[in-house]
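Okay, so here's the structure we're looking at.
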Amino acid sequence: MTDLDRALADIGAIRSQLVRGTAFSGYGPAAFAATAGLALATATLQTLLLDDPEARPFAFFAAWIATAFAALGLVGAEMRARARRHAGGLGDAMIHDAVEQFLPAGAAGALLGLVLARVSPESLWLLPGLWQVIVSLGIFAGVRVMPRGVALVGAWYLVAGLTVLVVTGEGRTLSPWAMGVPFAVGQGLMALVIRAASEAGDA
């Protein structure tokens, strides 16, 4: 290895350490507040249009999966714009690092849904609570590069997910509000935490 190769490798290592040791400033409160609204809108529409979610689980979960993709699009667009504005040349690397934190949890949630649908459709009522628990794990995994208060959001999703499992377990039912309320509150909390961190940083 030449001196130039060693120098480039060292620069790459320093850059990676910088990215991992820097709080990610790409998240914006507006997108998270909008996703809270999306969760409430989806729950309301399902309550009005979906009389029996247990009889139509595909329609129930398809609506929530579409909502999740819309939320990811909103957060991703704002994250990209803010990261490039605030992080300069490290923006893309910081986005990659932030996504890397949540990718295992997202993949686990998707695969869990596929497995339950394939081998145990009667257990699909577990998914809303399990998804919330998985979201909490994804948030806890990214705490080191996010504002300190984000741990509170992770705790909310954990408690909400376990509560939903207990409440829906009595009748083994699918409820739009078992998804809508926890995610609306969780995303609203996230918006507040990020806004408070942003204001503190500006101050």
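FYI, it's all coordinate maths here, none of it is from the lab. Since this is a predicted model, take the numbers as computed values, not measurements. All Cβ positions, glycine included, derive from the backbone under ideal geometry; neighbour counts span all protein chains shown.
A compact table of results
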quantity: Cα-centred dipole magnitude for region 29-202, charges only on beta-carbon of K, R (+1) and D, E (-1), debye, nearest 20; calculated: 360
quantity: Relative contact order for region 100-178, counting Cα pairs under 8 Å that sit 6 or more residues apart, in percent; calculated: 35
quantity: Normalised contact order of region 29-202, rounded percent, pairs of Cα under 8 Å and 6 or more residues apart; calculated: 33
